[in-house]
Amino acid sequence: MDVFVSYTIYGLFFGAAYAIAASGLVLTYTTTRVFNLAHGATSMVAAFVFWQLHVDKGMPTWAAILLVLFVFAPLYGIVLERLVMRRVSDAPVGVMLVMTLGLFLFLIGIAQQIWPSNTSKYRYVTQFFGTKSFPVFGVQMYYHYLITIIAAAACAAGLYVMLNRTRIGTAMRAAVDNRELLQLFGANSNRVSILSWIIGSQMAAVAGILLVAKTGLDYYQLTFLVINAFAAAMLGRLRSLPFTYLGSILLGLAIGYSQYVHGSELLENGLQFALPTLMLFLILIFVPEVRLRVGQVKGVLAANVPSARRALTTGVVFFFLALFVTELLNPTNTLRFGEALVFGITMLSLVLLTGYGGYVSLSQLTFVGVGAAVVCKFNTSSPVAILVAVLITAGVGAAVALPVLRLTGLYLALATMAFGQLMDYLVFNASFMFGFGGKINAKRVSLFGYDFSDTTSYVALELAVFVLLGLGLLTIRRGAVGRLLIALRDSPAACATLGLNQRWFRVAVFSVSAGVAGLAGALMAGLQGYAAPGDYKEFQSLPLLLAAAVAGITTVSGAFAGGLLLMLLPVLAATSTALSGLEFLVLGGGAILLARDPNGLVNLFYRGMRAVVPRMPVPGWVTQRAASAPKPAEVDGEEDEDLDEIPEAQVAGHGVA
Amino acid sequence: MALLEAIGVTVRFGGITAVDDAFLSAEPGSITGLIGPNGAGKTTLFNVITGLQPPTKGRIRFKNHDVTRAPVDRRAKMGMGRTFQRLEAFGSLTVRENVQVARDVHAGARSWFGGRKDKRVGELIEIVGLDRYVNQRADSVPTGVARLLEVARALAIEPELLLLDEPSSGLDEAETESFGTLLQNLAREGCAILMVEHDMDLVMGVCELIHVLEFGKVIATGTPAQIRSNRAVQAAYLGFSDDSTTMQVPDDIAAAATAMLAAPNPTETTLSIPAVDGEG
Ligand SMILES: Nc1ncnc2c1ncn2[C@@H]1O[C@H](COP(=O)(O)OP(=O)(O)OP(=O)(O)O)[C@@H](O)[C@H]1O
Ligand SMILES: [Mg+2]
């Protein structure tokens, strides 16, 4: 009985903290249509600032809290709204996700830069009132827990009063229903948006300060709070605050009671971390089908597709040029180049999925890991192992996409993130995958009797695979499937009214993309001679996606550049402690700046070359001129609401036209 | 037996009843008009027919099948093609590619890996008269062109029923006229056309049958001549009805409505009446 009560209290504490975080997420999402992947990162930064003021500078607790909540968080919210969120509120989902993911990594980069981890100083924040407690039903309850629960109740009351009893709150609720209407009636939508981001940031900060004593002051734990908050908010379909609270409490209790589970260490530790993800998947499966929406953003600046002949010549020239360069590299750099190529191949899978299709996967590296693990399990040099690895990974990809195939981009992306986390906690750490010690050996493939044991020749093999895949991708892009991908991205509703069954099309695309990632994994295992779960952590998928986006996620050359970028940044960062945040600052900042142009750096580079040497034969990946008019204006007819990601249309206001 | 029948369709959005117990039909080889003031529920009814909006009540029958619960793509495969009032052209594809996509979908997945040229694409573009624009991106062409593109795209799936949502807005007078001829040709070939249109000249000129929708209800069905002389329709366009719901209608709108319903006025090609409902 005592145990039950103390687990309940423990669960309620987490539930209350999640509720605060989740309602901030819901508030900003409903009023501005931006799903902020960096919501947890905000909590993380706020917790660091709190530590700085309270522990490092020795300010009294109350003063530090006031400063964080009423000076830091509002300023942060305003800057965020101005510099990032305002630019994404009308962007396609893919752009929105890449941009807020950029913010996510950027904040981690900032934290790493300001509060580097390799100092002798161990940072921690203790709970409020230390271990002081009072008795409840025969167990002791920390004051800290009580404070958290009270804070959650106060936030709920505050939100209720603000939304229902104030003018600006009414305007915010109107923004949920219909943003055009809001503007029509003269309400200042910018003010609504700024206020949302201020309050959202404050709530993230409160959650961060309350949780940091439990999670520890660390760059990642609190950052991934966004998954918990999202899981809780999904119970209210990202719209309902009461259901968000309910979801949070249920999640908290589940985490509390999971302490009952005893068994392997994997289960005990893994379960706690995996619970939010499991809950998320369960809810996603039961969310009703998203209705097709019309009147959305369409027409994205697209890179030109080179003709078959031009692609072929460029590919051949590239292959020999790269081979020549490889010959000049020392063994360490050859290995690094080999890694960059594996990343590049993984990014080709993202070109198909994200660049052409507009879907975002936040767990592409997990698929790479699956491919690597399968090849290792076979431990043979027969190419059949690679083939099987590709097929299995493609199957896993289909299985991930299936439950969410009724839903749209945002949900698919978050489901992949959840999937990656589950794999991290429950599969990659399990002994049946990589064994205890977490490393299994792989043999390099041999083809036609040639064994590629020399790394340079193996890199040549990778180059060949890259070029062939790139050519294949461009062939797809030029053909019917490529056109369909773009059409589906521009208007899913129109595709449906032409008779396309997009569920299966989407699963097929996702599955092929996962298969290509699996191929990259198989090559990686061969390159390194082993596979270890640490190399395929879910988190690493995020810099991967961003590097692809920054370099140019719509082109084959962008994938190559992205692979190099992703390989080089950590190498550079390792040269000096002063650069500890470099990788994430560059990738995150780059994604925020460039997300609106998915053709990325590579395209800017080509454009620059063209400007300098007008007749220069760049490989054909120059952006088309932007459409002169953004979109044919509507002659008459009422304005649509823009609820592209809302699972249901139970919204009063104006709609489908 | 009609090709398409909407039977007692009702759609509610929260408190708003957008479509209220509406009945409607369309026959092969004939052009049917669906008119009514802004916000009358015409587009919503189209969405119900094509499956984008599940009805609160009522049924849709198409080719003697109850398709009320059939998904959008199945209805398209059965032979429904449509255009959108809020344009849904594939903005980052060219005009030609837009039509090509529709042909690809129509031909099915097996054809995607063949790479044969489909000469119907060029024909369709010619039929709607967009040869000049074939290689332009669909988000860079004028509204009228994009509308015609949507028509070509809908025709690409060889529909038996073609639903057009305000196809002529954005077209000039001459274009509207040739568009009318195009519709008549299509009908002659056996296609059933159901058209929402604010251009009364066009509607009165080409439609055999007209349904009038007001506040979600079908208040009249008849030939152009019958509709023109129908008192309820006149009232609907003037913005008030015989019963208690009296509304203020600005004089200019009332005048415009009368003018529109009167003998065809050659200079007035499009006219839309702002919704006059209690919203404001
Ligand atoms: N998804 C939706 N959610 C809420 N209300 C909606 C939705 N779609 C339509 N409505 C409402 O239903 C009513 C009918 O709209 P609809 O677009 O069908 O009218 P319409 O006859 O096509 O008008 P128009 O001539 O302006 O195109 C309007 O009051 C509109 O605001
Ligand atoms: Mg309409």
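The values are calculated or read from the model by the stated rules, or taken from the named source; none is laboratory data. Owing to the predicted nature of the structure, the values given are computational and were not obtained by experimental measurement. In this analysis, Cβ positions are derived from the backbone assuming ideal geometry, glycine residues included, and neighbour counts consider all displayed protein chains.
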When (1) assigned to a loop (DSSP other than H, G, I, E, B); (2) surrounded by 23 or more Cβ atoms within 10 Å (Cβ to Cβ) are applied to A:Val45, the one that fails is (1)
Residues within the stretch A:15-34 that are more than 21 Å from the chain's Cα centre (by Cα) and more than 18 Å from A:Val161 (Cβ to Cβ), tallied:
3
Of (1) surrounded by fewer than 19 Cβ atoms within 10 Å (Cβ to Cβ); (2) within 14 Å of chain B (Cβ to nearest Cβ), A:Ser446 fails just (2)
For B:Asp20, work out the one condition from (1) surrounded by fewer than 22 Cβ atoms within 10 Å (Cβ to Cβ); (2) within 14 Å of chain A (Cβ to nearest Cβ) it doesn't fulfil.
(2)
Mind checking which pairs have a first residue in the stretch B:13-34 that is on the phi > 0 side of the Ramachandran plot and a second that is among the hydrophobic types (A, V, I, L, M, F, W, C) and surrounded by fewer than 18 Cβ atoms within 10 Å (Cβ to Cβ), Cβ under 6 Å, 6 or more apart or different chains?
B:Gly14/A:Ala652
Taking the stretch A:595-631, which residues are loosely packed, with under 12 Cβ neighbours inside 10 Å, at pLDDT 70 or above and either in contact with a strand residue (DSSP E or B) (Cβ under 8 Å, 6 or more places away or on another chain) or in a loop (DSSP other than H, G, I, E, B) (or both)?
A:Val613
Does the stretch B:112-127 contain at least one residue that is closer than 18 Å to A:Leu488 by Cβ and away from ligand 2 (no atom under 16 Å from the Cβ)?
yes
If B:Gly33 meets every condition in (1) touching a Leu at 6+ places or on another chain (Cβ under 6 Å); (2) crowded, with 22+ Cβ neighbours inside 10 Å apart from one, which number is that one?
(1)
Could you list all residues from the stretch A:326-354 that are of a type in the set (A, V, I, L, M) and loosely packed, with under 14 Cβ neighbours inside 10 Å?
A:Leu328
Scan the stretch B:35-50 and report the pairs whose first residue is touching a residue at least 24 places away in the same chain (Cβ under 8 Å) and whose second residue is in a helix (DSSP H, G or I) and near ligand 2 (Cβ under 8 Å from one of its atoms), with Cβ atoms within less than 9 Å and a gap of 6+ or a chain change.
B:Ile35/B:Lys42; B:Gly36/B:Lys42
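Grab the helices (runs of 4 or more DSSP H) fully contained in the stretch A:208-288, keeping just those with 1 or more residues being under 19 Å from the mean Cα position of the chain (by Cα) and within 23 Å of A:Ala47 (Cα to Cα). Let's see the steps before the verdict.
Values: elements: A:225-235, A:241-257, A:265-286.
Passing ranges, in order: A:225-235, A:265-286.
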Looking at B:Gly36, is it more than 14 Å from ligand 2 (Cβ to nearest atom) and touching a helix residue (DSSP H, G or I) at 6+ places or on another chain (Cβ under 7 Å)?
no
What is the number of the single condition among (1) buried (at least 22 other Cβ atoms within 10 Å of the Cβ); (2) facing chain A (nearest Cβ under 10 Å); (3) more than 14 Å from ligand 2 (Cβ to nearest atom) that B:Phe46 does not meet?
(3)
Could you list, in sequence order, all residues of the stretch A:399-439 that are in contact with a strand residue (DSSP E or B) (Cβ under 6 Å, 6 or more places away or on another chain) and surrounded by fewer than 20 Cβ atoms within 10 Å (Cβ to Cβ)?
A:Lys439
Read through the list (1) touching an Asp or Glu at 6+ places or on another chain (Cβ under 7 Å); (2) farther than 27 Å from A:Thr332 by Cβ, then give the number of the only condition that A:Leu569 fails.
(2)
Considering only the stretch A:56-67, I want to know if a residue exists there that is surrounded by 16 or more Cβ atoms within 10 Å (Cβ to Cβ) and within 23 Å of the chain's Cα centre (by Cα).
no
Being touching a Leu at 6+ places or on another chain (Cβ under 9 Å), more than 9 Å from every other protein chain (Cβ to nearest Cβ) and of a type outside the set (Gly, Ala, Ser) is the filter here, so list the residues in the stretch A:460-487 that pass it.
A:Leu461, A:Glu462, A:Leu463, A:Val465, A:Phe466, A:Leu469, A:Leu471, A:Leu473, A:Ile476, A:Arg477, A:Leu485
Looking for whichever is within 16 Å of ligand 1 (Cβ to nearest atom) and crowded, with 24+ Cβ neighbours inside 10 Å here; the options are B:Ala76, B:Ala6, B:Ala102. Which one fits?
B:Ala6
